Amino acid sequence: MAIIDGLRSVTADCPWPAPAVRPGSTWSGALCITRAVAAAVPEARQFARNVARRWVLPENPTATLSLVVSELVTNAVLHSGSEDVTTLIVFDGLDVTVEVTDSGQWLERGSHRRVAEDEDAAFGRGLDLVRACTSWCTIASSAAGTRVVARLPVTEP
């Protein structure tokens, strides 16, 4: 896992544009790149928690951020076929923007859940959960992979 913290801009060789931030706003960012394997999900969740704590975000947005990152990284691991997954978290003082990217193509789940208690659980609700927890969410898929960007408010408007 590679982690870069304290980003102030994204370099030109990044395959995706930087997430939208308010013009003229000061922002901080953190980037985590890991292999797209099951272990990436708890790693990304912990990464999100650590970043939120470092930025002294309140508990509710921290829990929501952790959930959103977990769901998006899980989708990349289960459905992309990508070798790696990138998580970028940006805080502009009002909102946190989460961007999860992969370089794969959609794959159907090849097996059932491994936990017996989840055998009858409905699948495919992760993005609905992300949309319910965020102020907006957008998904862009192309031959280069998938990019999901979601924004969640940290403070009340």
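The values are calculated or read from the model by the stated rules, or taken from the named source; none is laboratory data. Keep in mind that this is a model prediction, so the values were computed, not measured. Cβ coordinates were reconstructed from backbone atoms using ideal geometry, including for glycine residues, and neighbour counts include every protein chain displayed. The protein model used for the area step is the full one, side chains on, heavy atoms only, and it has no ligands, DNA or RNA in it. Shrake-Rupley method; radii C 1.70, N 1.55, O 1.52, S 1.80 Å.
Overview of results
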quantity: Subset of the range 43-66 (residues that are open to solvent by 20 Å² or more (accessible area, probe 1.4 Å), in a helix (DSSP H, G or I) and in contact (Cβ under 8 Å) with a residue 24 or more places away in the chain); calculated: GLU43, ARG45, ARG54, THR64
quantity: Candidate set: the range 67-81, residues that are open to solvent by less than 30 Å² (accessible area, probe 1.4 Å), part of a helix (DSSP H, G or I) and in contact with a strand residue (DSSP E or B) (Cβ under 8 Å, 6 or more places away or on another chain); chosen: the one farthest from LEU129 (Cα to Cα); calculated: ALA76
quantity: Qualifying residue in the range 96-117 (condition: open to solvent by 80 Å² or more (accessible area, probe 1.4 Å), under 23 Å from ALA30 (Cβ atoms) and modelled with pLDDT of 90 or more); calculated: no
quantity: Long-range neighbours under 8 Å by Cβ, at least six apart or interchain, first residue within 13 Å of VAL98 (Cβ to Cβ) and small (Gly, Ala, Ser) within the range 121-135, second modelled with pLDDT under 80 and surrounded by 13 or more Cβ atoms within 10 Å (Cβ to Cβ); calculated: none
quantity: Residue list for the range 28-42, restricted to those being of a type in the set (Ser, Thr, Tyr) and either open to solvent by 20 Å² or more (accessible area, probe 1.4 Å) or touching a Lys or Arg at 6+ places or on another chain (Cβ under 7 Å) (or both); calculated: SER28
